[in-house]
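Reading through the structure tokens given below for one structure.
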Amino acid sequence: MAQINQSQIKKILSDILDDEEKLLSIGVMKKVPSTSWLLLSRGMAWILASKFYVGVTDQRLIIFPESSKSHESVIFADFDEVDFSTDPLNNTILDIQKTYRGEPLKLRFKSGFELEGMDQFDFIAAVKLGKKSQVESESV
């Protein structure tokens, strides 16, 4: 599939949003390859890893692979199903408690790629804001 531009990403996400849902941030990420694939490919797995677009809304995360041709492969994750960690190279990893093609979904930020002037720190802040809002609404 040809690379998607910024307006196409926003259009895809806008089509998926519920009526009262608001898009806060968009992240461009790559799947973290398994250790065995890294060893077998001599590190090329980092380059060949699947690209994902992740939209953070005020209600959830919307994840879709760049290779998807329909909305059927879209993954939805609530804020309590995601967390951040770091790998041995100190990269920030988005851990999602969902599977994609039978493997855990762990995504890292694609280097040098920002959408609408938002960087990975804006993305992380949007996720943390959503987590905080979800905790506050559950405690009411």
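The values are calculated or read from the model by the stated rules, or taken from the named source; none is laboratory data. Worth saying up front: this structure is predicted, and the values here are computed from it rather than measured. Cβ placement follows ideal geometry from the backbone for every residue including glycine, while neighbour counts extend to all protein chains displayed.
So is Ser85 in a strand (DSSP E or B) and within 17 Å of Asp122 (Cβ to Cβ) or not?
The answer is no for Ser85.
Does any residue in the range 37-55 that is under 17 Å from Tyr100 (Cα atoms) come within less than 7 Å, Cβ to Cβ, of a residue that is assigned to a helix (DSSP H, G or I) and among the aromatic types (Phe, Trp, Tyr) six or more places away or on a different chain, and which pairs are these?
Qualifying pairs under 7 Å: Ala45/Trp37.
What is the residue count in the range 7-35 for residues that are loosely packed, with under 14 Cβ neighbours inside 10 Å and either modelled with pLDDT under 75 or touching a helix residue (DSSP H, G or I) at 6+ places or on another chain (Cβ under 9 Å) (or both)? Let's see the steps before the verdict.
Quick first cut of the range 7-35, residues loosely packed, with under 14 Cβ neighbours inside 10 Å only: 7-8, 11, 14-15, 18-20, 22, 34-35.
The next check asks that each one be either modelled with pLDDT under 75 or touching a helix residue (DSSP H, G or I) at 6+ places or on another chain (Cβ under 9 Å) (or both); those that pass are 15, 34-35.
Result for the range 7-35: 3.
Restricting the first residue to the range 124-140 and requiring it to be closer than 27 Å to Val28 by Cβ and assigned to a helix (DSSP H, G or I), which pairs with a second residue that is at pLDDT 80 or above and basic (Lys, Arg) meet a Cβ separation below 9 Å and a spacing of at least six or different chains?
Here the result reads Gly130/Arg60, each pair linking the range 124-140 to a residue that is at pLDDT 80 or above and basic (Lys, Arg).
Could you tell me whether any residue of the range 104-112 is under 18 Å from Trp46 (Cβ atoms), at pLDDT 80 or above, surrounded by 11 or more Cβ atoms within 10 Å (Cβ to Cβ) and aromatic (Phe, Trp, Tyr)?
yes
Residues of the range 45-98 being modelled with pLDDT under 90, more than 20 Å from Ile16 (Cα to Cα) and surrounded by fewer than 18 Cβ atoms within 10 Å (Cβ to Cβ), which ones?
Trp46, Ile47, Leu48, Ser50, Asp87, Pro88, Leu89, Asn90, Asn91
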